[in-house]
Amino acid sequence: MTGRILGFVFAALFVRGDALDDAVGQWGKKIVSHLAADEIAHVTWNGAAVENGDAATYSARARTLLARALQRRLRNPKSVEVTATLSQNLKGYLLIAEMHRENENIVEMASVARPIPMPETAAGFRLDRRLLWEQEAPILDVVVVGDQMLVLDTAGLTRYEQRDSKWQKAEAEAIDIAPIRDPRGRLTVNDNSLIAETAGLTCRGTLKPSVALECQPGGRFTAGRNTIEEAGWQPYFTHAVIGGNDVLGAADGRTYVYDAARKQVSVSDAWNDFAVVASSCATAKIIAAYSATNSLAIFDLVNQSPLRVSDSMEMPGPVTAMWPAGSAAVTVVRNKDTSRYEAYSIAVDCGR
């Protein structure tokens, strides 16, 4: 192949599993360095080299990471064709990007050692699933208190009462929720007090004798976005503390683990969302939704890294919301067959 090789990035992959992220990030920066200010890279992947097995999973992750690294917001951009290839040998994987500029071939490469598989214990726990509610409108959160159920969705708050073993609509309170992509919301009920939070808006009120809310700007979620901003942390979707470690589902799509000194000790992009729930199994557990599949599993933190301790549970669609609710996690999915939103209570069964 004629041309010149302009760069080579080598990264060894340790058990922490974030070397691919770093290697592809640097690889993406090298590619961007060859683009003019008004250009974007249009990547075509050569899929012939990797077609199945673990390497195929690795390839899919590399594609996601590269797309993220090459993101540029431009008005009327010019497209530059880039051909990307993931190949493998006995030592690991080689990422190759080729682009043709001004009569010369430009090649950028990144090498990553073969990953060490994350150890998994025998499945000693399992997930229990119970359907709470389903509807057409996007569900943001659900709280069940005795024979009352509150459903927060993109139209507002609805209270249901259980009659003859069925949920019957009792009343509805409209909330002026600003339309945003992938809306999120949170309900908090404490005795008779009620808080409903959405992007840039917090509504406080009472549950009895009837729902009464007063809404004010501000609150948990950033206005115009579905993320949370907290001093000392990057913008995030989910933040929980387990075993003295902070687990952060960040806005960049990755899940970070920090120690008590706020030092980053591991990172992964395997989860879409997660919740830490109380458990009768001695310690709190993490229920996490996988990014690549519509499935959930239970995790522990072992040596500050996630360790799966259950078989996975397939869900009927992608997870759109997950919130801790005591010993369970309220998990909302959009059913891939019906397009309806379904809210489930997902709990940990110790299996012992």
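The values are calculated or read from the model by the stated rules, or taken from the named source; none is laboratory data. Given the structure is predicted, the values throughout are model-derived calculations rather than measurements. Here the Cβ is made from the backbone with ideal geometry for all residues, glycine too, and neighbour counts use every protein chain on show. Ligands, DNA and RNA are excluded from the accessible area calculation, which covers all protein heavy atoms including side chains. Shrake-Rupley method; radii C 1.70, N 1.55, O 1.52, S 1.80 Å.
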The conditions are (1) modelled with pLDDT under 90; (2) under 21 Å from the mean Cα position of the chain (by Cα); (3) polar (S, T, N, Q); (4) farther than 25 Å from P316 by Cα, and S210 fails exactly one of them. Which is it? (2)
Answer yes if at least one residue in the stretch 219-229 is part of a strand (DSSP E or B), more than 18 Å from V143 (Cα to Cα) and out of contact with any Phe, Trp or Tyr (no Cβ under 9 Å at 6 or more places or on another chain), and no otherwise. yes
Members of the stretch 326-349 that are open to solvent by less than 50 Å² (accessible area, probe 1.4 Å) and of a type in the set (G, A, S): A328, A329, A343, S345, A347
Flagged pairs (Cβ under 6 angstrom, 6 or more apart or on separate chains; first in the stretch 11-38, farther than 18 Å from L86 by Cβ; second open to solvent by 40 Å² or more (accessible area, probe 1.4 Å) and modelled with pLDDT under 85) are V15/I116
Among the residues of the stretch 274-308, the number that are touching a residue at least 60 places away in the same chain (Cβ under 8 Å), of a type in the set (D, E, K, R) and open to solvent by 10 Å² or more (accessible area, probe 1.4 Å) is 1
Could you please find all residues in the stretch 238-247 being open to solvent by 60 Å² or more (accessible area, probe 1.4 Å) and either among the small types (G, A, S) or farther than 10 Å from V257 by Cα (or both)? G243
Which members of the stretch 227-254 meet the condition of being under 21 Å from V332 (Cβ atoms), in contact (Cβ under 8 Å) with a residue 40 or more places away in the chain and under 11 Å from the mean Cα position of the chain (by Cα)? F237, T238, G253
